[in-house]
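Read the structure below first, then the notes.
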Amino acid sequence: METVVFLISAAVILSGALGVIFSKNPVHSALFMVQTLFGVAVLFVLLEATFLAAIQVIVYAGAIVILFVFVITLLGVDRAEDLKVEPISGQRPLAVVLGASIFGIILTVLIVAVGGPTGEQVANTPIGDASDNTKILGEALFSTHVFSVELTALLLTVAVVGAVVLSTRPTKPLISTLDKQQNDNLEDELEEKGEE
Amino acid sequence: MSITTTWYLLLAAILFSIGTTGLLVRRNPLIMFMCIELMLNAVNITFVSIGSHLNDLGGQLAVFFVLVVAAAEVVIGLALVVAIMRRRSRTNADDLKILGG
């Protein structure tokens with residue numbers, strides 16, 4: 001059963017990822033990304049990380065992808081990109097070679113070198129039951145890792161302020177002073193004409 | 001055939017490679033961001049599967065923080081894209097070489 005679920009969700013994840021890359025239309029890429037994110041959420045359920053599966057669907061598929069689609073539609077960049085034009089010659093073969101070599105390196109480390117994952121338990125917090133997952137995670141976050149949680153709160157605040165600053169229309173005072181100067185020049189010219 | 005942690009790590013490696021290749025191939029900054037999200041998801045699968053393998057909650061805690069950082073990164077990145085698009089209607093990553101001075 002677990003094998004079947006894993007294989008199906010792996011197929012869903014990988015086909016979605018390939019769809020993100022190969023779609024000409026950015027909206028299609030966003031929808032393929034939803035497919036991948038749901039597949040990853042299924043894997044989280046399979047690994048008994050139920051809270052993270054819910055967060056994955058709510059935050060990633062519910063918020064981040066919606067943000068992507070908003071930006072795509074608001075900016076009108078949903079025109080298809082011509083994928084046949086290669087801007088820098090040799091970029092694509094090199095990119096594929098680099099991606100394949102990263103995969104090869106990970107594969108080598110994973111299988112050849114150590115023969116599977118190794119390591120030790122470090123956080124001294126066992127995972128426990130899947131039904132208690134949210135409780136255990138919350139207790140760990142707000143006791144041992146409470147400083148990190150505060151730091152992420154700070155990070156999110158900075159991100160929100162930064163987004164607002166970046167997306168407001170730039171430098172209104174400068175434009176108004178420019179207008180004022182132009183008005184002054186116009187008035188000067190009119191005065192000169194009147195004198196003539 | 002039972003599914004071991006190695007299978008999850010293998011899937012994460014494939015997903016990460018796809019994300020890397022897409023990031024290098026595509027020129028639309030929005031799709032480049034999506035590829036970064038794919039790579040982050042691959043790392044998340046790795047964290048959770050290793051945490052499950054070692055019966056350790058640390059993996060899931062790391063994924064929680066990765067999610068927060070990913071959300072912040074997307075917000076700032078999309079704000080940057082909006083700010084760039086406002087000045088130049090047709091933008092791809094190669095057009096930004098004017099930033100080099």
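Name the single residue that is farthest from B:Leu54 (Cα to Cα) among those in the stretch A:55-73 being more than 8 Å from chain B (Cβ to nearest Cβ) and either in contact (Cβ under 8 Å) with a residue 40 or more places away in the chain or out of contact with any Phe, Trp or Tyr (no Cβ under 9 Å at 6 or more places or on another chain) (or both).
Residues of the stretch A:55-73 more than 8 Å from chain B (Cβ to nearest Cβ): A:57-58, A:61-62, A:65-66, A:69-70, A:73.
Those left that are additionally either in contact (Cβ under 8 Å) with a residue 40 or more places away in the chain or out of contact with any Phe, Trp or Tyr (no Cβ under 9 Å at 6 or more places or on another chain) (or both): A:58, A:62, A:65-66, A:69-70, A:73.
Working: A:Ile58: 27, A:Gly62: 31, A:Val65: 32, A:Ile66: 35, A:Val69: 38, A:Phe70: 40, A:Thr73: 44 Å.
Among them, the one singled out is A:Thr73.
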Test: residue in the stretch A:40-51 that is within 10 Å of chain B (Cβ to nearest Cβ) and free of Cβ contacts under 8 Å to residues at least 12 places away in the same chain: yes
The lone exception for B:Met32 - which of (1) more than 7 Å from every other protein chain (Cβ to nearest Cβ); (2) crowded, with 21+ Cβ neighbours inside 10 Å; (3) touching a residue at least 40 places away in the same chain (Cβ under 8 Å) it fails: (2)
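Could we say that A:Val4 is assigned by TED's automatic domain parsing to the domain that holds A:Thr73, touching a helix residue (DSSP H, G or I) at 6+ places or on another chain (Cβ under 8 Å) and assigned to a helix (DSSP H, G or I) here? Spell out how you get there, then give the answer.
Working: assigned by TED's automatic domain parsing to the domain that holds A:Thr73: yes; touching a helix residue (DSSP H, G or I) at 6+ places or on another chain (Cβ under 8 Å): no; assigned to a helix (DSSP H, G or I): yes.
Considered against the rule, which asks whether it is assigned by TED's automatic domain parsing to the domain that holds A:Thr73, touching a helix residue (DSSP H, G or I) at 6+ places or on another chain (Cβ under 8 Å) and assigned to a helix (DSSP H, G or I), A:Val4 comes out as no.
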Meets criteria (in contact with a His (Cβ under 8 Å, 6 or more places away or on another chain) and either of a type in the set (Ser, Thr, Tyr) or closer than 30 Å to A:Ile127 by Cα (or both)) for B:Thr20: no
Every residue from the stretch A:156-176 that is modelled with pLDDT under 75 and surrounded by 11 or more Cβ atoms within 10 Å (Cβ to Cβ): A:Pro170, A:Ile175
Pairs with Cβ under 6 Å, 6+ apart, first in the stretch B:1-23 and at the interface with chain A (Cβ under 7 Å from one of its Cβ atoms), second of a type in the set (D, E, K, R): B:Ile3/A:Glu2
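Do the conditions hold for A:Gly76, that is, is it at pLDDT below 85 and in the same structural domain as A:His28 (by TED's automatic domain parsing)? Don't jump to the end; show me each part of the working.
Working: at pLDDT below 85: yes; in the same structural domain as A:His28 (by TED's automatic domain parsing): yes.
Yes; evaluated as a whole, the condition is true for this residue.
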Scan of the stretch B:38-89 for residues that are in a loop (DSSP other than H, G, I, E, B) and either at the interface with another protein chain (Cβ under 7 Å from one of its Cβ atoms) or under 26 Å from A:Val42 (Cβ atoms) (or both), ordered by number: B:Leu54, B:Asn55, B:Asp56, B:Leu57
Tally, over the stretch B:5-59, of residues that are closer than 25 Å to A:Ile21 by Cα and touching a Pro at 6+ places or on another chain (Cβ under 7 Å): 5
Exclusive hit being surrounded by 23 or more Cβ atoms within 10 Å (Cβ to Cβ) and among the small types (Gly, Ala, Ser), set B:Gly77, B:Gly19: B:Gly19
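Got a sec? Which of A:Phe103, A:Phe51, A:Phe68 is modelled with pLDDT of 85 or more and farther than 21 Å from A:Leu18 by Cα? Even if it seems obvious, please write down each step before you answer.
Numbers: A:Phe103 fails: farther than 21 Å from A:Leu18 by Cα; A:Phe68 fails: farther than 21 Å from A:Leu18 by Cα.
Being modelled with pLDDT of 85 or more and farther than 21 Å from A:Leu18 by Cα holds for just one of A:Phe103, A:Phe51, A:Phe68, which is A:Phe51.
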Count - residues of the stretch A:129-173 that are closer than 27 Å to B:Gly59 by Cβ and of a type in the set (Val, Ile, Thr): 8
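The values are calculated or read from the model by the stated rules, or taken from the named source; none is laboratory data. Everything numeric in this text was worked out from a predicted model, so none of it was measured. Neighbour counts are summed over all protein chains in view; Cβ atoms, including those assigned to glycine, are modelled from backbone coordinates with ideal geometry.
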